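The values are calculated or read from the model by the stated rules, or taken from the named source; none is laboratory data. This one's a predicted model, so the numbers in the text were calculated from it and none came from an experiment. For neighbour counting, all protein chains shown are included, and Cβ atoms are generated from backbone atoms with ideal geometry for every residue, glycine included.
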């Protein structure tokens, strides 16, 4: 069995099961309740979408969204090992192809879950409030990355890039949860792993650009937008590859 067949099987497994759809809704709800009391006020935060979204993703409630991203597919390795499906599947191909295929889907499903859930939240609050308002200015966004999109009023594009970068972090955290599943079988512990790691990263993030805050465009300054995006993507890819390699080595030793 080649990588394409593994990948096709994983995609079908993902879309035919309910967790991915529940996770998307869960992300939207998590972001909503991250606003705390603001979520139930008519004008929410400063009466505009940009400030409301920025507030929501910077409060502690957003960590639950990362757990929902892991919920979509991060437990696949431990489930396969428990059900003896891993050995059967690997015998039809090899360990590396099996692990890489599932790691790609774990990462990709986390990105998709974060993006769709966030856009669902944005669509809901956009029905109530405008993108910007007189007393909720654009200054903080115009000093960060992707500011040209804000200046050009391409708000959906700006939000998409923000959610995509959060999805990249979610992908890494989900793979970290998958790696942990090689050592523990408690699914609840696996699913809260992204929350624990996120909290640790926030506590010990330091002052350099190389921290969990890298994903927030309004907090960073790079030479160009493309350099910034590639930096975020590169960091996400490197850590994802590291966890994928760890999963591969662990499964290979267990078989």
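Laid out as a table, the results:
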read-out	value
Matching residues, segment 46-77, being modelled with pLDDT under 90 and surrounded by 19 or more Cβ atoms within 10 Å (Cβ to Cβ)	46
Any hit, segment 28-36, residues being under 18 Å from residue 164 (Cα atoms), in contact (Cβ under 8 Å) with a residue 40 or more places away in the chain and assigned to a loop (DSSP other than H, G, I, E, B)	no
Breaking point among (1) surrounded by 14 or more Cβ atoms within 10 Å (Cβ to Cβ); (2) modelled with pLDDT of 95 or more; (3) over 16 Å from the mean Cα position of the chain (by Cα), for residue 106	(3)
Which listed residue, of 168, 145, is under 22 Å from residue 54 (Cβ atoms) and either under 16 Å from the mean Cα position of the chain (by Cα) or modelled with pLDDT under 90 (or both)	168
Qualifying residue in segment 10-18 (condition: within 18 Å of residue 117 (Cβ to Cβ), without any contact (Cβ under 8 Å) to a residue 40 or more places away in the chain and assigned to a loop (DSSP other than H, G, I, E, B))	yes
Among residues of segment 37-53, those that are part of a helix (DSSP H, G or I) and within 17 Å of residue 159 (Cα to Cα), counted	5
Matching residues, segment 195-227, being within 16 Å of the chain's Cα centre (by Cα) and over 16 Å from residue 162 (Cβ atoms)	195, 196, 197, 198, 199, 201, 202, 211
